[in-house]
Amino acid sequence: MSEPDKRDEELVEALRRLPREETPPDHLRSYMRSYVRSNDRANVRLNARVLVAASLVLAAFAVGRVTAPRPSAIPADGQKFAFLLYGGPTGGGGDRAAEYGAWALELRRAGRQVSGERLAEEAWTAGLATGDPLPLRGFFIIRAKDSSEAVELARRHPHARDGTVVVRRIDTP
Amino acid sequence: MASDEQLLGAFARDRSDRTFLALYDRHAPAMYALACRLMGGRDADAADALQEAWTRALPRLAQFRGESSLRTWLCGFVVNCCRERFRGPLFEAIGEEADRPSPNELRIDLERALLSLSAGYRAVIVLHDIEGYTHQEIARVLGIEEGTSKSQLSRGREALRRRLDPRALQVRSS
């Protein structure tokens with residue numbers, strides 16, 4: 001065996017001894033559990049909708065009218081809004097983060113653009129102090145057709161239960 | 001203990017989070033270790049890639065045909081998600097070499113040395129030498145030529161050796 005082959009063998013042997021597993025962060029497990037649950041609920045809802053729609057079509061057909069359900073209007077080119085999440089419980093990890101993730105996921109699955117981030121506790125100020133009455137915990141960017149729809153979505157955000165969600169339209173064209 | 005096939009069958013029937021978590025708990029640690037290495041030790045990016053991999057795999061679990069092991073199939077999603085997370089091309093020219101690590105315990109040295117490699121070298125070494133992929137499989141999952149995979153592996157191993165204390169491998173293999 002040539003010298004380079006032997007050196008490769010030693011290296012590969014050492015590489016194969018490296019641990020093949022590492023425990024993922026706990027919040028991922030919580031997130032995936034919520035994801036599977038919301039997926040299942042969405043399937044149940046979808047099946048129920050299909051059943052209701054089929055019944056309606058059959059009923060309409062029976063009386064000589066065919067009624068097709070109108071597709072829901074997801075704004076493809078509406079306006080962008082920021083949901084600023086103030087106050088609420090501290091920490092925000094584990095199930096809480098998973099709950100927020102599930103909220104965003106449900107909207108995404110309905111075809112709506114949503115993104116968001118959680119903010120760390122530390123904050124640094126440059127320039128004049130803002131005097132925010134409550135700490136800003138995180139934010140979401142979401143597309144909605146107008147401010148009324150955005151506010152309605154914000155009301156359903158889990159943070160609105162015990163925190164404040166401020167809705168601001170994003171002014172950048 | 002239920003086999004992967006039994007769990008997949010059970011999940012197809014009940015769609016319950018309990019059954020899913022049995023699959024998750026079995027395979028996520030290996031998927032996460034792979035993601036951590038491919039992402040160069042950037043844990044947050046690795047966690048994002050793992051989450052993305054599971055959310056992509058979940059609706060396709062019913063399509064799993066057993067042509068490979070379930071773990072290999074799931075790891076394919078991880079590789080794709082990690083690949084997409086690199087803004088630039090995965091196979092870029094090798095950058096500046098990091099400082100040679102201090103000669104501590106081998107595993108730490110080797111792990112650190114591995115993470116300090118360029119993304120292209122690291123990906124091929126991780127997939128070939130640690131995960132056991134063939135060059136053909138690497139070429140397919142990374143979208144490169146087989147020849148590129150071979151040359152990257154050879155150069156990557158050389159770069160890895162340069163970063164390691166020469167005694168580290170000999171001590172363990174003696």
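How large is ³J(HN,Hα), in whole Hz, for each residue of region B:142-158 in order, when computed from phi with the Karplus curve 6.51 cos²θ - 1.76 cosθ + 1.60 and θ = phi - 60°, using x for Gly and Pro?
Values per residue, Gly and Pro as x: 9, x, 10, 7, 4, x, 5, 4, 5, 5, 5, 5, 5, 5, x, 4, 5 Hz.
Just tell me how shielded A:25-37 is by partners: mean number of partner chain Cβ atoms within 10 Å of each residue's Cβ, no decimals.
5
Using a 10 Å cut-off around each Cβ of peptide B:20-33, what is the average number of partner chain Cβ atoms that fall inside?
Taking the mean over all residues of the peptide, I get 4.
Quote the accessible area belonging to A:PHE140 in square angstrom, nearest 10, computed with a 1.4 Å probe and with ligands, DNA and RNA left uncounted.
Here the accessible area works out near 20 Å².
Taking every residue in B:121-132, how many Cβ atoms of other protein chains lie within 10 Å of its Cβ, on average?
Across the residues of B:121-132, the mean count of other-chain Cβ atoms within 10 Å is 2.
With a 10 Å radius around each residue's Cβ, average the other Cβ atoms per peptide and rank B:119-132, A:144-157, highest first.
B:119-132, A:144-157
What distance in nm separates the two pseudo spin-label positions at B:GLN136 and B:GLU84, each 7 Å out from Cα along the beta-carbon direction?
Distance between the two pseudo-spin positions: 2.7 nm.
What total accessible area, in Å², is buried where chains B and A meet, using a 1.4 Å probe and rounding to the nearest 100?
3300
Enumerate the residues in region B:58-74 having an amide nitrogen under 13 Å from the point lying 7 Å beyond the Cα of B:ALA12 toward its Cβ.
B:60-67
The values are calculated or read from the model by the stated rules, or taken from the named source; none is laboratory data. Since this is a predicted model, take the numbers as computed values, not measurements. Using ideal geometry, Cβ is built from the backbone for each residue, glycine included, and neighbour counts are taken over all protein chains shown. Heads up: the accessible areas ignore ligands, DNA and RNA and are worked out on the full protein's heavy atoms, side chains in. Shrake-Rupley method; radii C 1.70, N 1.55, O 1.52, S 1.80 Å.
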